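J.: Got a structure here, written out as structure tokens. Questions coming.
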Amino acid sequence: MIKLCVNEKFAFSLFTIMHRQTKRELINYLLTFISEKRKQRFDEVISQRTDHLRIVLENMYQAHNASAILRSCESFGVQHVHFIENRNHLRISDDVAMGSSNWITIHRHNAANTNTVEAINELKAMGYRIVATSPHKNDVTIDQLPVDKKLALVFGTEIDGISEDVISLADEFVKIPMFGFTESFNVSVSAALCMYELSARIRIEVPDYLIGEKERVDIYFDWLMNSIDKSEALIARYLKEKKV
């Protein structure tokens, strides 16, 4: 699994300093470069972020659909999105995503021939129930899906849907009720509808749905890095002055 960093070229240097310099100290330094209003907005948004629900996009190839899903994730406070890239590298359309990729954590699974299996097994090891969005003989409607346990909601390609690997490994299957002649929603619409339904119930029914304090620090640091011009140079200067 490959996880996107704020800046992949800067990732190694950050890794080498973190054992000597806490992120909290770096956050306090970077906060001096944003306004109080901006800080208040960061605090407000981070306080509503959840890791109880994750979105998984398998083999999706249309950038505008993936980007629209990212925008919905950010709007509903869903912090983590997984791209399973078995056949192609999923691009993000800035015109559609509207900068949402700066505020959520994207995980890319593209390093093996069995990316789907490895991604799903990794999520299961983290305690997530794998929920596939596809009509199935054992499916339930999205409003009937229990939200007490952590959920990883999987969406497949725009044409073929989820793969056989997802079908064989999924814990549950869900669908969105439809009452017209059309057989399915656009995948980005489906994702938005599912997130609205699930996130609303999670916030009511699950006591500990918010991300933990340790992860908040990591996310907050990434947000500052994405928000401040030449943030890498600023940190390098800070560390030099501190003689780290």
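J.: Name every residue in segment 146-183 that is surrounded by 15 or more Cβ atoms within 10 Å (Cβ to Cβ) and small (G, A, S), in order of residue number.
T.: Result: A152, G156, G161, S163, A170.
Table: residues versus (1) over 14 Å from R49 (Cα atoms); (2) not polar (S, T, N, Q).
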| position | (1), (2) |
| --- | --- |
| E164 | yes, yes |
| F173 | yes, yes |
| S184 | yes, no |
| A191 | yes, yes |
| E197 | yes, yes |
| R201 | yes, yes |
| I211 | no, yes |
| D218 | no, yes |
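J.: While we're on this one: Look at R71 and say whether it is assigned by TED's automatic domain parsing to the domain that holds F155 and part of a loop (DSSP other than H, G, I, E, B). Don't jump to the end; show me each part of the working.
T.: Details: assigned by TED's automatic domain parsing to the domain that holds F155: yes; part of a loop (DSSP other than H, G, I, E, B): no.
Answer is no for this residue.
J.: So which of R216, R203 is in a helix (DSSP H, G or I) and either modelled with pLDDT of 95 or more or of a type in the set (G, A, S) (or both)? Walk me through it before giving the result.
T.: Details: R216 fails: either modelled with pLDDT of 95 or more or of a type in the set (G, A, S) (or both).
Residue meeting the stated conditions: R203.
Table: residues versus (1) of a type outside the set (S, T, N, Q); (2) out of contact with any Ser or Thr (no Cβ under 7 Å at 6 or more places or on another chain).
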| site | (1), (2) |
| --- | --- |
| V56 | yes, yes |
| A66 | yes, yes |
| R71 | yes, no |
| S93 | no, no |
| S101 | no, yes |
| I106 | yes, yes |
| T116 | no, no |
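J.: Among what's in segment 88-101 and is polar (S, T, N, Q) and more than 9 Å from E74 (Cβ to Cβ), pick the residue that is surrounded by the fewest Cβ atoms within 10 Å (Cβ to Cβ).
T.: If we take residues in segment 88-101 being polar (S, T, N, Q) and more than 9 Å from E74 (Cβ to Cβ), then N88 is surrounded by the fewest Cβ atoms within 10 Å (Cβ to Cβ).
J.: Considering segment 143-164 alone, what residues qualify as being outside any loop (DSSP other than H, G, I, E, B) and of a type in the set (D, E)? First the steps, then the outcome.
T.: Quick first cut of segment 143-164, residues outside any loop (DSSP other than H, G, I, E, B) only: 143-144, 151-155, 157, 161, 164.
The answer is D143, E164.
The values are calculated or read from the model by the stated rules, or taken from the named source; none is laboratory data. Every value quoted in this text rests on a predicted model; they were computed, and no experiment measured them. No Cβ is skipped: glycine too gets one built from the backbone with ideal geometry, and neighbour counts run over all protein chains shown.
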